[in-house]
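Enquirer: Next up is a structure, given as structure tokens.
The values are calculated or read from the model by the stated rules, or taken from the named source; none is laboratory data. Keep in mind that what you see is a predicted model, and the values were worked out from it rather than measured. Note that we place each Cβ from the backbone using ideal geometry, even for glycine, and neighbour counts take in every protein chain shown. What goes into the accessible areas is simple: the full protein's heavy atoms, side chains included, and nothing from ligands, DNA or RNA. Shrake-Rupley method; radii C 1.70, N 1.55, O 1.52, S 1.80 Å.
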Amino acid sequence: MKITILDGNAVNPGDLSWAELEKLGTLTVYPRTGPAEVISRIGDSDAVLLNKVSITEEVLAACPSLKYIGVQATGYNVIDLEACRRHKVTVTNVPSYSTAGVAQLVFSFISEWACHVQLHSDSVMAGGWVRSPDFVYWEKPLFEIEGKTLGIFGYGSIGSRVARIAKAYGMKVIVCTRTPKPEIERPVDFDTLLRESDFISLHAPLTDKTKEIINKVSLAKMKKGAYLINTARGGLVVEQDVRAALEEGSLAGYAADVVLQEPMSPDCPLLKAPNCLLTPHIAWASVETRRRLMGVVIGNLRAWMDGKPENVVS
């Protein structure tokens, strides 16, 4: 069994071990792979593991030995699933591994807006407190998140975890989802979510129906002064429209761990936008989350080798 990892640096830049995968076959790990290198690197591989490298009809046609693709992530939009079916290639993914990390980042964003921790720490370190005539001062207005309304768009494992944390903070929670569940206390339609939420957190997959669902029309329906959080997919928003809403002040803040093009393009409209918090797709990057991910990746491959594939998407 020849196993090739095409972009191993994303999951394991050196702080984890590939030892368990090495037990399953002959393993080759490439830190990164460009589009022109894919075919030459997996031409005689039985199984390939990847995160963001695209697998197309052209690649599959040139790699007849390939029988398994293990996506080391939840999203699998980089894979041509129809082509995989034609070539009888099994594709698996890793669902729900990053729930804790993503939910944690959502509330890191919310807490930063509420308390401006970095701003005040920088001010103190620059001598602001030393020079203050009073025992207390603040650079920006602070607010409590208790009692605020959090609107959640998409209610899978991450959306539901975010709801639980929000309730612990004393927030009101409303949910817009295509799959209502009995546990949702207040399901609402999309327009109601936009109109009533003080914060909106996006947790829906990127589909034809959700693509660019946040645009100048939907932004105009949001409560003035509300905040928007995107830890799902960059394509859920029209980035130029978000920037325009930030510049005019109708949107109080935008926080995202994802952008339309990753790595970020130098002409991304969100770059240096006002009241905008951006992180480089790190919600899943804690060592605990990546270790969990690797465990499922290895389990998926082992299950396929045993003839009982798990987490199959094609």
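Enquirer: Return the single residue from ALA252, ALA220, ALA283 with maximal mean-square fluctuation; model: Gaussian network over the chain, springs between Cα atoms under 10 Å.
Expert: Ranking ALA252, ALA220, ALA283 by mean-square fluctuation puts ALA220 first.
Enquirer: For the chain, take the longest principal axis of its alpha carbons; what is the angle in degrees between that and the long axis of helix 287-305, to the nearest 10 within 0 to 90?
Expert: Result, in degrees: 30.
Enquirer: I want to check a number: in segment 186-272, how many lysine pairs have alpha carbons closer than 20 Å, given a sequence separation of 8 or more or different chains?
Expert: 4
Enquirer: Over the chain, what is the relative contact order in whole percent, taking alpha-carbon pairs under 8 Å and six or more residues apart?
Expert: 15 percent
Enquirer: Note the angle between two axes, namely the Cα long axis of helix 157-168 and the longest principal axis of the Cα atoms of the chain, as a number of degrees from 0 to 90, rounded to the nearest 10.
Expert: With both axes taken from Cα atoms, the answer is about 30 degrees.
Enquirer: Ok, one more. Of the accessible area of the chain, with the probe set at 1.4 angstrom, what percent is carbon plus sulfur?
Expert: For the chain, the apolar C and S fraction of the accessible surface comes to 54 percent.
Enquirer: Springs between alpha-carbon pairs under 10 angstrom, Gaussian network model over the chain: which of GLU82, GLU183, GLU144 fluctuates most?
Expert: Evaluated over the chain, the most mobile residue of the options is GLU183.
Enquirer: What is the local net charge at CYS63, summed over the other residues whose Cβ is closer than 14 Å to its Cβ (Lys, Arg +1; Asp, Glu -1)?
Expert: -1
Enquirer: I would also like to ask the following. Under the classification rounded if a/c is under 1.5, otherwise prolate if a/b is larger than b/c and oblate if not, where does segment 136-258 fall, given a ≥ b ≥ c as square roots of the Cα gyration tensor eigenvalues?
Expert: Oblate.
Enquirer: Still on this structure, I have one more. Does anyone have the angle between helix 239-248 and the longest principal axis of the chain? Alpha-carbon axes, 0 to 90°, nearest 10?
Expert: 10 degrees
Enquirer: Can you check what the net charge comes to around PRO141, using other residues whose Cβ is under 15 Å from the Cβ of PRO141 (Lys, Arg +1; Asp, Glu -1)?
Expert: Net of charged neighbours comes to -2.
Enquirer: Where the centroid of each part is defined by its Cα atoms, how far is segment 295-311 from segment 172-210 in Å?
Expert: With segment 295-311 and segment 172-210 each reduced to a Cα centre, they are spaced 33 Å.
Enquirer: Moving to a separate point now. How much accessible area per residue does the chain have, counting only protein heavy atoms and a probe of 1.4 Å, in square angstrom?
Expert: Roughly 50 Å² per residue, with all protein chains present.
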